[in-house]
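Trainee: So that we are looking at the same thing, I have put the structure below in structure tokens.
The values are calculated or read from the model by the stated rules, or taken from the named source; none is laboratory data. Bear in mind the structure is a predicted one, so any value in this text is a computation, not a measurement. No Cβ is skipped: glycine too gets one built from the backbone with ideal geometry, and neighbour counts run over all protein chains shown.
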Amino acid sequence: MRLELRNLSCGYGPRRVIDNISLTINPGAVVGLLGANGCGKTTLIKTILGLLPVHGGEVLLDGKNIKNWSPAQIARVMGYIPQMHTPPFPFQVLDVVLMGRTAHIKPFASPAQKDIKIAEKALEILNISHLRSRIYTEISGGERQLVLIARALAQEPKVLIMDEPTASLDFGNQIKVLSQVNQLAKLNMAVLMSCHFPEHAFIYSSRVVLLNEGKILYSGIPGESITSERLKTLYGVDVDIVTVKNRRGHNFQVCIPSRGPVEPDENFVESEKEYALA
């Protein structure tokens, strides 16, 4: 299913945060949304999901305006993965994933065997079936994010919206979570993922949108769209973009600060040596 934003404007009350932007995300594509804090990424996502009213323009799914769709209708089509989530009660992992079936279950009804199988399949797709009976609040942050992705998959969405899914995760868990993104796109979903790190967009996005002060600064394939000059506009810092080769011989682009590295504290180094010899 194709997600299209046509001349979309949105915000909070009378305050407009996003102004007249247009964007199309086709099935199987991963679009990375880059921008500084406060530029409107989360506002845009909430509007797409129907959590905030549209100020102007349209949100379209396969050409149909979803302005008057109910939350249940939207939930049957669009899955949402927030930055981080800790429920107030110690649910088992399978129960958290089953919550993704809510839009497909009649009010006051319990999940059927079909719903349980769909939830178990979502765990299987993400290779976390071993967490099935674990308590959600007792697993690691990276595992919780994978469970949230499984919950979204259990909705059987056609569009997946991810709002900084690696926020607060360590480096290893960031890679584990992001490595699933392209796999999700292969399920023929249209994926919109906001992120802070340009490297994530370089590696995991088929296209990138640079959002600055509520407007699209540039949109295109990552290697052409992400430049030092545009990152300076977005984040107000000087960075260099360099190409490196990994152990498998693949080239990757990474961002590094333009300033030099911090000089080591020689006194600290000497004291460490003395401590080691003591």
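Trainee: Counting only residues that are among the aliphatic types (A, V, I, L, M), in contact with a strand residue (DSSP E or B) (Cβ under 9 Å, 6 or more places away or on another chain) and on the phi < 0 side of the Ramachandran plot, give me the helices (runs of 4 or more DSSP H) lying completely in segment 169-246 with at least 1 of them.
Mentor: Per the criteria, 171-178, 181-185, 198-204, 228-235.
Trainee: Tell me, yes or no, whether segment 115-138 has at least one residue that is surrounded by fewer than 17 Cβ atoms within 10 Å (Cβ to Cβ), hydrophobic (A, V, I, L, M, F, W, C) and in a strand (DSSP E or B).
Mentor: Within segment 115-138 (the criterion being surrounded by fewer than 17 Cβ atoms within 10 Å (Cβ to Cβ), hydrophobic (A, V, I, L, M, F, W, C) and in a strand (DSSP E or B)), the answer is yes, since at least one residue qualifies.
Trainee: For segment 50-77, give me each residue that is part of a loop (DSSP other than H, G, I, E, B) and within 22 Å of Leu153 (Cα to Cα).
Mentor: Within segment 50-77, Gly50, Leu51, Asp62, Ile66, Trp69, Ser70, Arg76, Val77 meet the criteria.
Trainee: For Ser194, are the conditions met, namely being closer than 22 Å to Ile21 by Cα, under 13 Å from the mean Cα position of the chain (by Cα) and at pLDDT 85 or above?
Mentor: Criteria met by Ser194.
Trainee: Further question: From Pro107, Pro90, grab the single residue that is part of a loop (DSSP other than H, G, I, E, B), touching a helix residue (DSSP H, G or I) at 6+ places or on another chain (Cβ under 6 Å), more than 23 Å from Asn188 (Cβ to Cβ) and modelled with pLDDT under 90.
Mentor: Result of the check over Pro107, Pro90: Pro90.
Trainee: Give me the pairs, please: first residue somewhere in segment 22-49 and farther than 19 Å from Asn65 by Cα, second residue anywhere and part of a helix (DSSP H, G or I) and basic (Lys, Arg), beta-carbon distance under 8 Å, and either six or more positions apart or on two chains.
Mentor: Close Cβ pairs (under 8 Å, with a partner that is part of a helix (DSSP H, G or I) and basic (Lys, Arg)) amount to Leu33/Lys41; Gly35/Lys41.
Trainee: Can you pull out every residue in segment 40-60 that is more than 22 Å from Ala72 (Cβ to Cβ) and polar (S, T, N, Q)?
Mentor: Passing the criteria: Thr42, Thr43.
Trainee: Right, another one. Here are Leu178, Leu211: which of them is in contact with a Gly (Cβ under 7 Å, 6 or more places away or on another chain), closer than 24 Å to Lys46 by Cβ and either of a type in the set (S, T, N, Q) or touching a residue at least 24 places away in the same chain (Cβ under 8 Å) (or both)?
Mentor: None of the other options fit; the residue is Leu211.
Trainee: Answer yes or no as to whether Val59 is under 23 Å from Asp115 (Cα atoms) and buried (at least 16 other Cβ atoms within 10 Å of the Cβ).
Mentor: Against the criterion (under 23 Å from Asp115 (Cα atoms) and buried (at least 16 other Cβ atoms within 10 Å of the Cβ)), Val59 does not qualify.
Trainee: Got at least one residue in segment 170-187 being surrounded by fewer than 19 Cβ atoms within 10 Å (Cβ to Cβ), of a type in the set (Gly, Ala, Ser), under 24 Å from Pro257 (Cα atoms) and in contact with a helix residue (DSSP H, G or I) (Cβ under 8 Å, 6 or more places away or on another chain)?
Mentor: The answer is yes; a qualifying residue exists.
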